[in-house]
Amino acid sequence: MKMSSEQQTKFEAWLRSKCSYLKCALCQSVRWKIGDLLLPVQIGEPDTMAPLMAQLVCKNCAHVVLFDVRRVTGATEEAMADPSQTMIF
Ligand SMILES: [Zn+2]
């Protein structure tokens with residue numbers, strides 16, 4: 001599913017704060033575009049499904065980096081309710 005423009009803005013702001021000089025692991029490019037939100041495999045009602053992963057796509061080689069949207073502060077409502085986002089590994 002596509003990200004709303006509000007989600008994109010929050011995801012971009014989060015990326016800038018966490019990894020502002022992100023380089024593609026394969027081609028070393030620093031040009032990215034935001035991809036889609038990935039939903040989990042459908043088990044229950046479609047209405048209850050929240051996206052799990054957000055794609056960031058390298059504009060040069062199309063390599064995709066995935067982020068756990070539940071830990072991206074502000075990107076989804078679930079992220080704010082997730083108590084584990086403050087854990088440090
Ligand atoms: Zn690349």
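Every read-out reported here was derived from the displayed coordinates using simple, explicitly stated rules and does not represent laboratory data. Worth saying up front: this structure is predicted, and the values here are computed from it rather than measured. Glycine also receives a Cβ, built like all others from the backbone with ideal geometry; neighbour counts cover every protein chain displayed.
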Legend entry - Residue order, fewest to most surrounding Cβ atoms within 10 angstrom, among Phe67, Phe11: Phe67, Phe11
Inset, instruction - Would you kindly state how much longer the chain becomes between Leu39 and Thr9 on full extension, computed as 0.36 nm times their sequence separation minus their alpha carbon distance, in nm to one decimal? - result: 8.8 nm
Legend entry - Spin-label pair Met49/Thr73, simplified geometry with 7 Å Cα→Cβ offset, distance in nm: 3.0 nm
Legend entry - Stretchable slack from Asn60 to Lys18, in nm (0.36 nm times residue separation minus alpha-carbon distance): 12.9 nm
Inset, instruction - Give, as a single signed number, the net charge of other residues whose beta carbon lies under 10 Å from the beta carbon of Ser29, with Lys and Arg counted +1 and Asp and Glu -1. - result: +3
Inset, instruction - Going by C-beta contacts inside 10 Å, put Leu56, Leu38, Leu26 in order with the fewest on the left. - result: Leu26, Leu38, Leu56
Inset, instruction - State the percent of C-alpha pairs, over all pairs in the range 1-60, separated by a distance greater than 12 angstrom. - result: 72 percent
Inset, instruction - Order by neighbour count: Ser29, Ser20, fewest other Cβ atoms within 10 Å first, most last. - result: Ser20, Ser29
